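No lab work stands behind these numbers, since they all come straight from the coordinates. If you're wondering where the values come from, they're calculated on a predicted model, not measured in any experiment. Cβ sites come from the backbone with ideal geometry, for glycine too, and all protein chains shown count toward neighbours.
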Amino acid sequence: MAKEKGGKKALAPQIEEEAAKLARPLIEKAGCKLYDVCFEKEGAMWYLRVLFDNDGGMDSDKCEELSRPINDLFDRQKFIGQVDILEIGTPGVYKKLRKPEHFKESIGERVTAHVKSDGEESYKTGILEEYGEEESSITVDGEKIKLSKCIKVNLEPEELEVLEEFDESEPDGYEEEEMQSLSEADNAEINVNRPKEEN
């Protein structure tokens with residue numbers, strides 16, 4: 001994949017750092033944790049994503065409660081002029097792993113690595129066994145993979161495979177309380193998207 005030189009690509013680290021510095025106090029004040037801030041291009045649009053999490057789980061009300069003050073704060077910053085779409089929400093269950101702390105915290109978890117090597121793309125799903133920070137590599141089910149060859153690495157929760165096969169019309173083995181809990185977990189993954197307003 002060809003890398004874009006200069007322009008907004010060159011500004012990405014600075015924008016991410018500045019946005020994280022501004023958002024973190026608001027997120028921590030609400031009892032949550034900043035998971036990631038990512039400024040990246042998708043198609044023709046540049047997205048600024050502010051992702052937060054909570055060990056106790058998130059719901060749509062908490063997402064909305066946090067998105068408003070972050071929106072208001074970012075609207076007063078110079079860097080917002082570089083942003084086409086601002087997304088504020090949770091990383092969801094398929095968390096994208098980008099930073100050293102993401103990989104370290106996910107040791108022993110099931111992941112999927114989207115790999116591109118010699119022009120060919122492939123996917124490797126398995127247990128993340130090691131993260132080599134110095135050599136910038138991961139080991140998935142005994143196979144060492146250079147992160148420079150990874151398009152994307154994300155969590156792949158094994159329990160979701162079981163849920164996909166579950167027939168909702170016959171909820172055998174699931175109590176009503178458990179079904180409600182699953183529904184609430186789904187709602188917590190909703191991101192709040194807001195296109196940047198024109199000045």
Checking region 96-164 for GluC sites (Glu not before Pro) in a loop per DSSP with at most 14 other beta-carbon atoms within 10 Å yields 133, 134, 135, 158
Of 9/96; 21/62; 29/95; 29/124; 21/41, pairs whose Cα-Cα distance is over 30 Å
29/124
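Just want to confirm a number: the relative contact order over region 100-155, from Cα pairs under 8 angstrom separated by 6+ residues, in percent.
Numbers: 100 pairs, mean separation 20.0, N = 56.
Relative contact order here is 36 percent.
Using the Cα gyration tensor of region 1-129, with a ≥ b ≥ c the square roots of its eigenvalues, what is the shape: rounded (a/c below 1.5), prolate (a/b larger than b/c) or oblate (neither)? Let's see the in-between values first.
On the way: a/c = 2.23, a/b = 1.18, b/c = 1.89.
Since a/c reaches 1.5 but b/c is at least a/b, the shape of region 1-129 is classed as oblate.
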Qualifying GluC sites (Glu not before Pro) for region 1-100 [loop in DSSP, other Cβ within 10 Å: at most 16]
4
Mind listing which trypsin sites (Lys or Arg not before Pro) in region 1-105 are in a DSSP loop and have 10 or fewer other Cβ atoms within 10 Å?
3, 5, 76
Starting from 0.36 nm per residue, how many nanometres of slack lie between residue 59 and residue 114 once their C-alpha separation is accounted for?
16.9 nm
How do 139, 125 rank when sorted from fewest to most other Cβ atoms within 10 Å of their own Cβ?
125, 139
